[in-house]
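The values are calculated or read from the model by the stated rules, or taken from the named source; none is laboratory data. Quick caveat, the model's predicted, so the values are computed rather than measured. Quick reminder, even Gly has a Cβ in these numbers, built from the backbone with ideal geometry, and neighbours come from all protein chains shown.
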Amino acid sequence: MSAQTGIEVRDGPTSGRLRDRVRHRVAGWRDEPNPLWMREMRQAARVQVTPIALAVLTVLMTVLLGAIGGIMGEKRSSPADAGQALFQTFFSLAYFVVALIGPALGANTIASEREGHTWEAVLLTGMRPEVVTRGKFLAAYTLIAMYIVMLAPVGALPFLFGGVTPTEVLFAFVLLFALALVAVGFGLAVSAKMQSTRGALVIALLTAVPLSGFCFSIFGVGGAEFARGTWGDTLSRGPIWLPRAYAVAPFNLEYLLYLVVVPLVVLALPAWFLYETSLANLTSVTEDRSFGLKRWHAVSSAICALLGLVPLAYLAPHESTAHAFAPAGVGVLAYAIFAAYLFATEPIGASRRMERVLEGRSRLRRWFGPGVPSTLSLLRWTTRGAVFVSLSAALLVARVRSSVSAPAGFPFVVEAACIGLWGFYVLGFTEFVFGLSAWLRARASGGAGVRPILLAILFATLAGPWVIAAITGLLTSSGSDALIVAALSPLHVLTHTFEAVTRGTSAAQRSFAASSISAVTYYVLGLALARVGRRRCDAIVTEHRALLADADARLAKEDEAAANAAAANEAAANENAEAAREPSLGDPRSTDRSA
Amino acid sequence: MTGPSRIVAPIRRDLPPAIRARHLWQRYGSRDVLRDVSFDVYPGEIFGFIGPNGAGKTTTIRIMATLVDPMSGRVEIDGLDVTMEPETVRRRIGYMPDHAGVYDRITVREYLEFFADAHAIPSLGVVDAVLELTDIGHLENQLVATMSKGQKQRLQLARILLHDPKVLILDEPASDLDPRARIEIRELLLDLQSLGKTILLSSHILSELSDVCTSIGIIEHGQMVVSGPIHEIADRLAQRKAALALGNEPSAYNANALGGAALGPSLSYAMGPSAAERRLVKLRVIGDLTAAAYTLHGGPGIFDVNVVGRSLHVGYGGGEAKVAEIVAQLVHRGFGVIGVEEEMRELERVFLEATGMPGRGGGA
Ligand SMILES: Nc1ncnc2c1ncn2[C@@H]1O[C@H](COP(=O)(O)OP(=O)(O)O)[C@@H](O)[C@H]1O
Ligand SMILES: [Mg+2]
């Protein structure tokens, strides 16, 4: 039933067969669209600005492309070159249009409802946060899809010049639509957190501008170089290389990895993250709001660990396995800091309601549930798993390589020492990060301030030792000794210890020992902080439970007293009623009273 | 609006309370915003939740509406704990926030259709039904942006009636409405009460909607000063006065004397303009009462004007000269004044006495 479409009755699927169920589902999307999306579309239809903005954008792009085409014609380049140049220009511009308009449209969604004081009414209708998120997303996505569709005729212009195949243009548009998913999702995630539209817009754009430039240079410009290295000169030099790569690259493992898996991960993992963040921010704090994000975390930490192994597969004979293992460790470390930051404001324990909801659920579900202790344990074990997987894979590769072609690389012992040290350092430091965040969270009453303090401390531990080393180095004028202090920073292992150990220099042993001691220190410190933090959380939860139980008992007692009083009143009333009836039976007592 | 067809639904004090707030505490920062707030609202009642700005009305109401969790204490609506079963509670309440917003670029009908879909109401007729009930059917194709404040308020009421909730929770429904809109809301509330709804409404102005309330609760600095049916509170106060006159210790007067609500220590409560200066005069006027109300509304020294039955209730400040001035003004505009009766409202008297302020003569 939908009042907005006016469709009243919907029968169930005609049979249980998959085809009928799918058909029923699809008909459902048509007949009972997301209420929020429907309303936004009705509102958007009344805005006069949208079509004007669309027209202006289209005209601007046409003029620009026409001008470029004209200039290329003057310079007597071949039409194919002009076509390729137009294609590159158009889609680069379209990329930035989508990367900036998408977040702006997304940022406008939920914050504007909060600002306009219409949000609570929506919340109280009982629509699930998922439905709200999807409705808002669809509304913003429909708008940006309209922009892309409006640009399509301009995008087809390069055809007139040649040098571009229809498949290429088609793929480029598909990529644009896929990019819009993430762009709108990003705006929506910001919006879900913010109270004012202006604030959401400012934050979304301030982040989107550098981020889109960064992604463009990494995946566009850098990606083009990489692709030409992999598939040769058939690919264009321009940043929009992916569409042609899909068409010309031979279908093999590399195709699957670089053109299917990596783009999917690069788009899907952030999109999923943005969806779960929006959802979490639309869910009440007393619900299990981080469940979705934890699910995402479990999957993404596994994927990150696996992606970290890719360099191991591309080792040249003279390269060291330990060096190829280094990025995996950096990835796990960076990801762990991100995860600690993400879950830093987790509630200390489950709310009264969530406790009841989770009571009958599986242990796994409760492990993903709210509360500092379970979050701490989840973070630790996923990270330990990631370290274990990459460490053992690296050791295995080193072992195999040493047995196959020993003389080219380093001896296995050296490789294993470096890999083991780095793996253990990463493990120790991530334990420290998680312990620290749990401890900080346990001390802060509402979770406020945990994130900035956590980041400040982590920044100090990563960069601080270098500063100290530099200063002492200057003072003592024996630089290499002073650098030992820098072993307190995990990066020291990569920059100095590896170097020293593989070269077998005299400082190797000292450097190795200093790094090992630092790793152990971080590990022990992390365990201790986690223990103290967890104890404190347990104490708070126990106290809170006792308070609730006490309140329950008092309220129950009050209820009982009220029930007793009511019963007594009733009894008294009955007695009175009987007393009133008694005179007719000739009771002397009653006669006395009436007299 | 008011028809003879309206049957006043009985207030069922024998049933369990429709809203039951019990020992609510709420703290923001180091400030206790609610301190042990308890009250009951029985099915069929219109409960006036009254207190100055910042007293904690909105906080209490948001707890009832499942939007905020109290630090401690319970609210039960229809026997359900709002913190434990928010989803079920949301289906049983209609909550109208203070300063609620509406979507502007959408028609009245589209607005209601959206909320009908959002509530997943399995009937298409419900939008027409609430349009008729709230008397905004003639506006159905108008854009919400073009509606007056009073019409928007009725639209909000229509919205919260869509899912046919048992309990209506209205935060400051009559603030900044003109006299006519206020009268219309008042009538609408009585209509809703006759349909069996339980209504809780808040106000920072005691007189605003007080004549439709069957019970009141007065909150001040996060504490409930007094709560219960208006007549009961009045009776208790009369007893208290009598006891005081007999020379009993005031301390013999324990909290139970006011239906379980503790009397606040001392209160310096100003209702808009200073309460002590506010007076009420009832004028019997021939002619269009609403037009007469508009004539007086907003004049110097006039706080509010309400049409009640066949007479005009004017809240004013100043002495008897002001009454003469009001009458002169009405006569000048061609309204026949056939009766002048100065009175202090029962509720206002109750309020002043409950809070220990000196009562004013000329009352009931
Ligand atoms: N979220 C909040 N954070 C901090 N203080 C708040 C919050 N909500 C309300 N308050 C404070 O609580 C007090 C009571 O507010 P409120 O319940 O809105 O009063 P009322 O509705 O009676 O005017 C006010 O002093 C207000 O500043
Ligand atoms: Mg308020």
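Remarks
- Just one of the listed residues (A:L436, A:L358, A:L376) is at pLDDT 90 or above, within 14 Å of another protein chain (Cβ to nearest Cβ) and within 30 Å of A:L548 (Cα to Cα), and it is A:L358.
Conditions (1) part of a helix (DSSP H, G or I); (2) in the same structural domain as B:I46 (by TED's automatic domain parsing); (3) closer than 30 Å to B:G217 by Cβ, marked per residue:
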{"site": "B:E110", "(1), (2), (3)": "yes, yes, no"}
{"site": "B:D117", "(1), (2), (3)": "yes, yes, no"}
{"site": "B:P122", "(1), (2), (3)": "no, yes, no"}
{"site": "B:D128", "(1), (2), (3)": "yes, yes, no"}
{"site": "B:A145", "(1), (2), (3)": "yes, yes, no"}
{"site": "B:I199", "(1), (2), (3)": "no, yes, yes"}
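- Yes/no for A:F410 being in a loop (DSSP other than H, G, I, E, B) and closer than 26 Å to A:A487 by Cβ: yes
- All conditions but one from (1) within 16 Å of ligand 2 (Cβ to nearest atom); (2) within 13 Å of chain A (Cβ to nearest Cβ); (3) modelled with pLDDT of 95 or more apply to B:I93; the one that does not is (1).
- Some residue of the range A:160-179 being crowded, with 22+ Cβ neighbours inside 10 Å, away from chain B (no Cβ under 14 Å) and among the β-branched types (V, I, T): yes
- Taking the listed residues A:A208, A:A249, A:A227, the one that is of a type in the set (A, V, I, L, M), touching a helix residue (DSSP H, G or I) at 6+ places or on another chain (Cβ under 8 Å) and modelled with pLDDT of 90 or more is A:A208, with no other qualifying.
- The lone exception for B:E132 - which of (1) in a loop (DSSP other than H, G, I, E, B); (2) away from chain A (no Cβ under 14 Å); (3) surrounded by fewer than 17 Cβ atoms within 10 Å (Cβ to Cβ) it fails: (1)
- Residue check, A:V97 within 14 Å of chain B (Cβ to nearest Cβ) and surrounded by fewer than 22 Cβ atoms within 10 Å (Cβ to Cβ): no
- Qualifying positions in the range B:135-174 - among the basic types (K, R) and within 13 Å of chain A (Cβ to nearest Cβ): B:K152, B:R159
- Sole residue being at pLDDT 80 or above and of a type in the set (D, E), chosen from A:E32, A:E40: A:E40
- Within the range B:54-71, tally of residues that are under 20 Å from B:G217 (Cα atoms) and either facing chain A (nearest Cβ under 9 Å) or away from ligand 1 (no atom under 16 Å from the Cβ) (or both): 2
- Output for the range B:28-63, where each listed residue is more than 13 Å from ligand 2 (Cβ to nearest atom), surrounded by fewer than 20 Cβ atoms within 10 Å (Cβ to Cβ) and either among the small types (G, A, S) or within 20 Å of B:H99 (Cα to Cα) (or both): B:G29, B:S30, B:S38
- Filter pass, A:T591 being modelled with pLDDT under 90, in a helix (DSSP H, G or I) and among the β-branched types (V, I, T): yes
- Unmet criterion (only one of (1) within 15 Å of ligand 1 (Cβ to nearest atom); (2) modelled with pLDDT under 85; (3) β-branched (V, I, T)) for B:V225: (2)
- Residue in the range A:498-518 that is within 29 Å of the chain's Cα centre (by Cα) and assigned to a helix (DSSP H, G or I) present: no
- Where B:E76 falls short, out of the listed (1) away from chain A (no Cβ under 12 Å); (2) more than 15 Å from ligand 1 (Cβ to nearest atom); (3) not β-branched (V, I, T): (1)
- Checking each residue in the range B:23-51 for being near ligand 1 (Cβ under 7 Å from one of its atoms) and either outside the structural domain of B:I205 (by TED's automatic domain parsing) or under 13 Å from the mean Cα position of the chain (by Cα) (or both) picks out only B:G51.
- Each residue in the range B:173-209 was checked for being within 16 Å of ligand 2 (Cβ to nearest atom) and under 18 Å from B:G315 (Cβ atoms), and 10 pass.
- A:A280 meets the conditions (1) in contact (Cβ under 8 Å) with a residue 12 or more places away in the chain; (2) of a type in the set (G, A, S); (3) out of contact with any Lys or Arg (no Cβ under 6 Å at 6 or more places or on another chain); (4) closer than 30 Å to A:M194 by Cα in every case but one. The failed one is (3).
- Condition check for B:L190: under 18 Å from B:T290 (Cβ atoms), assigned by TED's automatic domain parsing to the domain that holds B:L131 and either touching a Ser or Thr at 6+ places or on another chain (Cβ under 6 Å) or touching a residue at least 40 places away in the same chain (Cβ under 8 Å) (or both): yes
- Candidates B:Y111, B:Y103, filtered to the one that is more than 7 Å from chain A (Cβ to nearest Cβ), free of Cβ contacts under 8 Å to residues at least 60 places away in the same chain and of a type in the set (F, W, Y): B:Y111
- Within the range B:163-210, the set of residues being crowded, with 20+ Cβ neighbours inside 10 Å and among the basic types (K, R) comprises B:R182, B:R186, B:K197.
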